[in-house]
1. Which residue, of Ala379, Ala370, is of a type outside the set (Phe, Trp, Tyr), under 30 Å from Pro49 (Cα atoms), within 39 Å of the chain's Cα centre (by Cα) and crowded, with 20+ Cβ neighbours inside 10 Å?
2. For the stretch 220-255, what are the residues that are farther than 21 Å from Ala175 by Cβ and touching a helix residue (DSSP H, G or I) at 6+ places or on another chain (Cβ under 8 Å)?
3. May I ask you to list pairs of residues, at least six apart or on different chains, whose Cβ atoms are under 6 Å apart, with the first in the stretch 332-360 being part of a helix (DSSP H, G or I) and the second being modelled with pLDDT of 80 or more and of a type outside the set (A, V, I, L, M)?
4. Mind listing just one residue for me: the one in the stretch 295-328 that is modelled with pLDDT under 90 and part of a helix (DSSP H, G or I) and, of those, farthest from Trp339 (Cα to Cα)?
5. Being of a type in the set (Lys, Arg) and farther than 30 Å from Ser316 by Cβ is the filter; apply it to the stretch 91-120 and report the residue that is modelled with the lowest pLDDT.
6. So, of the residues in the stretch 1-59 that are of a type in the set (A, V, I, L, M), in contact with a helix residue (DSSP H, G or I) (Cβ under 6 Å, 6 or more places away or on another chain) and within 30 Å of Leu71 (Cα to Cα), which turns out to be modelled with the lowest pLDDT?
7. Quick one: would you say Thr301 is hydroxyl-bearing (Ser, Thr, Tyr), buried (at least 16 other Cβ atoms within 10 Å of the Cβ), in contact with a helix residue (DSSP H, G or I) (Cβ under 9 Å, 6 or more places away or on another chain) and touching a residue at least 24 places away in the same chain (Cβ under 8 Å)?
8. Going residue by residue through the stretch 433-446, is there one that turns out to be outside any loop (DSSP other than H, G, I, E, B), closer than 30 Å to Leu283 by Cβ, modelled with pLDDT of 85 or more and aromatic (Phe, Trp, Tyr)?
Amino acid sequence: MQRMASIMAAVSALALSACAAGPNYTAPTRPQSAAGAFLSTGPAVSTAPVQQGWWRLYNDPVLDRLVTEALAANTDVRVAVARIERARATLRGATANRLPQGSASSGANYARFPQIQRPIGVSGETWQIDAGLSINYEVDLFGRLSRNVEAARGDVAAAEADAEAVRVIVAADTACAYADAVSSAERLAVAEHIVALLDQSIDLTQRRRTVGLATRLDVARIAALRNQRQAEVPALAAQRDAALFRLATLIGKTPAELPAEARARRTTLRLDQPIPVGDGAALLARRPDVRAAERRLAAATARIGVATADLYPRISLGASGGSTGTDLDGLFGAGPLRWLLGGLINWTVNPAPARARIAAAEADSRAALATFDGTVLTALQETETALSAYGRALERRTALQAALEEAEAAVRIARARQTEGDINSLDLLDAERTFADAQAALATADAAITEAQVNLFRALGGGWQRTA
């Protein structure tokens with residue numbers, strides 16, 4: 001046994017000094033032009049690092065609680081966590097394969113032995129009890145097992161990055177659903193306010209008709225506009241309900257279980273500071289989909305080594321021992337003892353299947369590299385697009401705000417001039433219609449700005465982490 005231990009130690013040292021088959025992984029290069037500042041920056045954003053918990057910038061405790069609950073209970077997050085656990089279990093299995101593998105066996109039979117095979121003092125029919133123990137160790141001389149562990153570690157890191165990507169999406173979707181519900185409530189209030197104003201115009205026109213200053217046609221025209229605006233109210237209420245139901249699903253609840261506080265806010269979410277966006281280098285280091293693609297490339301590179309190791313022999317060392325007796329005393333006492341020490345070399349004569357597996361692994365590695373390059377480009381494209389959309393949404397709101405102020409002034413002038421009899425009801429109706437359109441457009445623009453902000457946070461790919 002001491003000789004066997006010496007042999008095992010020598011072979012293990014040889015295995016540790018050997019080089020693993022296949023290429024060593026080298027991290028892929030990223031475009032140098034992507035490392036600097038973004039192109040679509042403006043006064044509404046800053047180059048400060050992206051903050052954790054970006055939704056807290058809205059200063060809404062309800063939103064904070066909803067996102068925290070979604071990150072804990074969302075079903076997509078639970079699936080991602082389960083995939084991490086599966087990848088870690090695979091890694092534990094790959095690591096365990098590098099250790100000696102042992103097995104124990106035992107059996108009992110009642111049999112009749114011929115005279116020539118019968119031991120002295122044993123009757124013709126008796127029990128035969130056998131027990132044995134064997135140990136097998138594969139010498140990882142060419143790195144098949146170590147490359148397999150390396151690939152499994154890459155899979156674990158990729159699964160962890162995938163889970164982070166899911167959390168990014170869940171946090172953004174939760175904020176977006178809440179913002180949609182809030183902005184729908186605000187647009188609903190604007191629509192109802194417009195209907196109320198038109199009701200006042202109808203009442204005024206009715207009174208003018210009574211004294212002969214307006215006609216039935218004037219009343220009908222304003223009433224038609226009022227009914228058109230009233231028809232928008234149910235659609236906005238339906239949008240709000242849909243956003244609330246979507247929010248309930250995101251936080252892992254049924255629509256009936258949605259907290260009442262999620263329905264309370266009626267004003268659109270707004271930021272009172274520039275959005276911190278960092279730069280391109282920080283973006284690519286932070287985005288979980290980029291990190292997942294890079295780790296999958298590392299795993300695919302390691303699997304080339306696993307396939308390449310099949311071109312070389314597999315060397316295994318083994319030892320076994322056991323005993324056979326007619327009862328337990330004979331088994332563990334002075335019964336016959338057997339033992340065996342040896343080694344095994346297994347080398348496939350035909351290398352064609354192994355070379356085919358190598359070619360397939362190399363193709364998988366090239367595909368993983370292309371996926372990584374595409375993920376980097378997509379990350380930059382999504383961020384630049386979100387930045388541009390946010391800046392343009394702010395510009396649009398500025399123009400709509402100016403248009404609303406002018407439309408409001410026009411309505412005041414038109415009402416005063418109609419009272420004095422200087423203009424007819426068609427001019428007032430046109431002013432009322434323009435003012436109503438401007439109010440609705442501004443409310444829609446506010447909702448679009450919030451959506452653009454959330455899309456920008458989503459593209460930046462960070463800030464989802466829960467703090468203690």
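1. On the way: Ala370 fails: crowded, with 20+ Cβ neighbours inside 10 Å.
Being of a type outside the set (Phe, Trp, Tyr), under 30 Å from Pro49 (Cα atoms), within 39 Å of the chain's Cα centre (by Cα) and crowded, with 20+ Cβ neighbours inside 10 Å holds for just one of Ala379, Ala370, which is Ala379.
2. Result: Arg221, Ile222, Ala223, Leu225, Arg226, Arg229, Gln230, Glu232, Val233, Ala237.
3. Ala354/Asp310; Ile358/Thr308
4. Checking each candidate, the answer is Ala309.
5. The first filter runs over the stretch 91-120 and keeps only residues of a type in the set (Lys, Arg), leaving 92, 98, 112, 118.
From the residues that got through so far, the ones that are farther than 30 Å from Ser316 by Cβ too are 112, 118.
On the way: Arg112: 68, Arg118: 59.
Here the answer is Arg118.
6. Of everything passing the filter in the stretch 1-59, Val50 is modelled with the lowest pLDDT.
7. Details: hydroxyl-bearing (Ser, Thr, Tyr): yes; buried (at least 16 other Cβ atoms within 10 Å of the Cβ): yes; in contact with a helix residue (DSSP H, G or I) (Cβ under 9 Å, 6 or more places away or on another chain): yes; touching a residue at least 24 places away in the same chain (Cβ under 8 Å): yes.
So Thr301 passes the test.
8. No, that holds for no residue.
The values are calculated or read from the model by the stated rules, or taken from the named source; none is laboratory data. Owing to the predicted nature of the structure, the values given are computational and were not obtained by experimental measurement. A quick note on method: Cβ atoms are made from the backbone with ideal geometry, for glycine too, and the neighbour counts reach across all protein chains shown.
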